1. Name every residue in segment 213-267 that is open to solvent by less than 50 Å² (accessible area, probe 1.4 Å), under 19 Å from the mean Cα position of the chain (by Cα) and either closer than 15 Å to residue 185 by Cβ or modelled with pLDDT of 90 or more (or both), in order of residue number.
2. Under the condition of being under 14 Å from the mean Cα position of the chain (by Cα) and either of a type in the set (Val, Ile, Thr) or at positive phi (or both), which residue from segment 58-88 is surrounded by the most Cβ atoms within 10 Å (Cβ to Cβ)?
3. Being closer than 25 Å to residue 439 by Cβ and assigned to a strand (DSSP E or B): is that true of residue 479 here?
4. Checking residue 525 against (1) more than 30 Å from residue 185 (Cβ to Cβ); (2) modelled with pLDDT of 95 or more, which test does it fail?
5. Pick from 285, 291: which is within 26 Å of residue 162 (Cβ to Cβ), at pLDDT 95 or above and open to solvent by less than 40 Å² (accessible area, probe 1.4 Å)?
6. Restricting the search to segment 385-415, which residues are of a type in the set (S, T, N, Q) and surrounded by 19 or more Cβ atoms within 10 Å (Cβ to Cβ)?
7. Pairs, please: C-beta under 7 Å, at least 6 apart or cross-chain, first residue closer than 18 Å to residue 389 by Cβ and in segment 32-44, second among the basic types (Lys, Arg)?
8. Quick test of your reading of the structure: residue 310 fulfils all but one of (1) in contact (Cβ under 8 Å) with a residue 24 or more places away in the chain; (2) touching a helix residue (DSSP H, G or I) at 6+ places or on another chain (Cβ under 7 Å). Name the failing condition by number.
Amino acid sequence: MNSKNKPALQTIAIGLFFLVALITWTLWQFHFNYMIALYDSFFHTQRIYEIRLAFQQHTLPNWVNFNTFFNTGQAVNGMYPDITLWPFVFITNFLTPIHQIIAIKSLIALATFVVSFLSLNKRFDSRNAILAATIFTLSGSVLKDLTNEMQTGTAIVMIFAFPLLFTLKDIIESKNFDLVLIIKTSLLMAIVINSHLLSAVAITMIAGIFLIVTTVIKRNYWAWINLTLAALLTIALCLPMIYRIIKISKTGLLSPFGKGTVLSDSLFTLFKTTSWSAKSTISEVAIILIVITLIGLKKDKLPKLLPWLAVELVLIIFCTNIIPWKLLAKLPIIDSFQVANWRFALFLGMIPLILVLINFSQKTTRIIFLIIATLSFILAFRNTYNFQYYHTQNLPVVSRYSTETISQNATVKLTSSGINSDKLTRTLIPDYAPNSAPLEKGSNGGSLDSQTSYLILNHLATTKKRDIKLTHTSTAHSLTLRATNVPKGKITLPVFGYRTLNYHITVNGQKTKATINPSGFITINQKKQLKHAIYRIEQQPPTSYKALLWMSTVLLIGLIGILIINF
């Protein structure tokens, strides 16, 4: 064999092994016909389900959720960034709902592996780059999203973690006008913003610190110009999402859970609570790599290592109570962080890999990475095996036939027909509801009050005389509610109304006017008693939203074209 071809073949072999392992994991998960779900997994599965149905009906995802979140017409999909999720949903829409979600998790992990390798391969030996990509994907937050609790927003951000890191470093250190760097930065930040807003804020905070430090030390102002232009392009790319958030927010929305309070752990706790698949703390593999680097530290490599060590140190500090979060929690946007380490710890697994790549020779790095990559496969399998079988003992199966109410913090076996089940109280949340919706006292904004929850859980309309049971059917852009023996007068439906959105509401096919009651629910004033009543509520995104989507898409294609030409 030609020795020049050997490294390339080894790189391909490692990549193929990873691909086979991921496909095997995916098929293994498929055969259960359910997904073990807990905590935020319910929130994100219902978001995916809403997008799925829209694409099946050949329309854009709606701003309000008529098919999920108890059919309340809550503006979850409108307020939560989701555009980067659309391609993953589109290409997997031929699968059953639960298989689709498993496939999306696998595709995100595969994309993370490929993009991480390509980014590292530009700067380091290809074999070491692919081993580093393997370790990164099979540990920390990436592994957590693949095998445990699913949070698609941050998972998509992690696909581009290494390109973001290197691009932001380059633009912060830029010494002249650089169009290619401006475009790359804008594209990457647009992906982040369209995936998870608070991750974009966290990244901007960290990058801002090093921008200021670099400016003070090097008196380099070109970085500010390049970043300003990149920011303007990013805004243009994100206009559809910005527009819909502003439009919905004008209604007045409930504050996010825990707004105004940002919790954080001590430095000791951050390291004490570690695991291989850590997401809100530093992972075990990151600690191992940092220790290896410090033990084998080479003085001649120290100047190159210091900037990266500084980034890791700042990330660690921002995860802890060393930062005065009580004071920062009074600032806009940051007051929605909830827990500081949720926002910064997911990036802690990147720098340790770079430290090893810089500090050691290619051969030594390869030995270190090969050992840890092997360990990563073993521990990733152990992680998913334990989660799959340890958590399955006595777990309830949630399907359309489920009769037992599932508590908020329960773990379940979630089937395709159970994704939007009325028994999942975890999705009975005040997130993005109108600010007139009453909250449960002492819940810190985490729960709607008991009366409102009761009406939503049981799909009850209210009148002066009595509560009326409703049955419902829905499409991507409409909700149809049916009732019998409805008295004359006002009837309040358990569906939230947003005064800044346009609704088309009919009663038995006749258009009618509606108001929004003090609890934020749509209310209709009936002029006569109805033996059978069919209420249809339709909401379509404005035409201007579709125009902005076209504009941002054309801009995106144009910017990518410029990069290809320059490449």
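1. Correct list: 234, 237, 238, 240, 241, 244, 245.
2. Restricting to residues being under 14 Å from the mean Cα position of the chain (by Cα) and either of a type in the set (Val, Ile, Thr) or at positive phi (or both), the top hit is 76.
3. Numbers: closer than 25 Å to residue 439 by Cβ: yes; assigned to a strand (DSSP E or B): yes.
Criteria met by residue 479.
4. (2)
5. On the way: 291 fails: open to solvent by less than 40 Å² (accessible area, probe 1.4 Å).
Going through 285, 291 in turn, just one is within 26 Å of residue 162 (Cβ to Cβ), at pLDDT 95 or above and open to solvent by less than 40 Å² (accessible area, probe 1.4 Å): 285.
6. First, the residues of segment 385-415 that are of a type in the set (S, T, N, Q): 386, 388, 392-394, 399, 402-403, 405, 407-409, 411, 415.
Across segment 385-415, the qualifying residue is only 415.
7. Short answer, once both residue conditions are applied: 34/413; 36/413.
8. (2)
The values are calculated or read from the model by the stated rules, or taken from the named source; none is laboratory data. Computed from a prediction, not measured in an experiment: that's the story for all the values here. Every residue, glycine among them, receives a Cβ derived from its backbone with ideal geometry; neighbour counts consider all protein chains shown. Ligands, DNA and RNA are stripped out before the accessible areas are found, and what is left, the full protein with its side chains, is counted by its heavy atoms. Shrake-Rupley method; radii C 1.70, N 1.55, O 1.52, S 1.80 Å.
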